[in-house]
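Notes follow once the structure below has been shown.
The values are calculated or read from the model by the stated rules, or taken from the named source; none is laboratory data. Worth saying up front: this structure is predicted, and the values here are computed from it rather than measured. As a convention, Cβ positions derive from the backbone with ideal geometry for all residues, glycine included, and neighbour counts pool all protein chains shown.
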Amino acid sequence: MKLIIAGERPFVDELTHFCQQAGHETVVYIIEDFLGAVQSGFTLDKAHDADVVIELHNESAAAKHELLIALGQVVSPNTLVLTSALATSTTQAAAWTPGAERVVGFGLVPPLAQTGMIEIAAALQTAPEALTWATRFWQQLGFEVVQVADSPGLVRMRTIACLINEAASAVMEGVATPADIDQAMKLGTNYPHGPLAWADLIGLDTVLGVLTGLFNEFGEDRYRPCPLLRRLVTAGHLGQKSGRGFYHYDG
């Protein structure tokens, strides 16, 4: 099967490994490279021939909109489009995509090797056969598939982002250090990662994108991003991928 993956790290890197391991011919684009190629008028033959396109952008609704429009211009009308439903709902993403009936949302939480499952969500526009195809695709990659209702963040990332947001507020208010908060949560609740170290792994820009999507969707204060989280993203301190977030990383 021919696949196109377009989005941001670390999601792109982890998912590419699973797809290649399953024997799929996989072409990977970081979002800036893909948009640049489309805008420059390059012919993306491999994109047109793809059986499945996986869109993995979570940081900015505007950039996600642009990416989905660009993908719609170069892929075949028969291509299955799997869109990351973290910063926006699947229904919103499908509205931005030509051939909305073949769009299915999904949710990944790094590290994928430890989670072993994928959430999927149908848009209001999604055709039943597209949902069936998406379910089989993820199962063939070795994931357990759980269908959930359509909403930004789906279930796991919605819950994790809110936990991270509260932990960031505790840091901002001087309640405890990031290391102490993470240690307390790992030892006291048996979480696999402390929330702030997990945020650095996911990417603070992704966490901010999820919270912004939830706040825009529901308008509830519990989803309002912590000012410290906003400032870190503004400063370019995005976590492991930038070398600094709530923690510093060598290299």
Leading residue by the ranking (modelled with the lowest pLDDT) among those in region 48-69 that are crowded, with 24+ Cβ neighbours inside 10 Å, within 14 Å of Leu3 (Cβ to Cβ) and aliphatic (A, V, I, L, M): Ala50
Could you grab me the full set of residues in region 76-102 that are among the β-branched types (Val, Ile, Thr), touching a His at 6+ places or on another chain (Cβ under 9 Å) and over 20 Å from Phe11 (Cα atoms)? Thr79
Hey, can you tell me all the residues within region 136-178 that are hydrophobic (A, V, I, L, M, F, W, C), over 21 Å from Leu211 (Cα atoms) and touching a residue at least 24 places away in the same chain (Cβ under 8 Å)? Phe137, Trp138, Leu141, Phe143, Val145, Val146
How many residues does region 180-218 contain that are more than 18 Å from Ser60 (Cα to Cα) and without any contact (Cβ under 8 Å) to a residue 60 or more places away in the chain? 18
Of all residues in region 225-237, which are touching a Ser or Thr at 6+ places or on another chain (Cβ under 9 Å) and either more than 18 Å from Arg158 (Cβ to Cβ) or without any contact (Cβ under 8 Å) to a residue 24 or more places away in the chain (or both)? Pro227, Leu228, Gly236
Selected residue [more than 30 Å from Arg102 (Cβ to Cβ), crowded, with 16+ Cβ neighbours inside 10 Å and touching a helix residue (DSSP H, G or I) at 6+ places or on another chain (Cβ under 6 Å)] from Leu214, Leu208, Leu229: Leu229
Kindly establish whether Glu119 is over 16 Å from the mean Cα position of the chain (by Cα), of a type in the set (Asp, Glu) and in the same structural domain as His65 (by TED's automatic domain parsing). no
So, of the residues in region 232-251 that are assigned to a helix (DSSP H, G or I) and touching a helix residue (DSSP H, G or I) at 6+ places or on another chain (Cβ under 9 Å), which turns out to be surrounded by the most Cβ atoms within 10 Å (Cβ to Cβ)? Leu232
Search result, residues across region 1-21 that are more than 16 Å from the chain's Cα centre (by Cα) and more than 18 Å from Pro111 (Cα to Cα): Met1, Lys2, Leu3
Within region 206-231, residues part of a loop (DSSP other than H, G, I, E, B) and under 19 Å from Leu15 (Cβ atoms) come out as none
Do you know which of the residues in region 186-205 that are part of a helix (DSSP H, G or I) and touching a helix residue (DSSP H, G or I) at 6+ places or on another chain (Cβ under 6 Å) is farthest from Gly243 (Cα to Cα)? Pro195
Looking at region 22-41, which of the residues that are over 16 Å from the mean Cα position of the chain (by Cα) and modelled with pLDDT of 85 or more is nearest to Pro111 (Cα to Cα)? Ala22
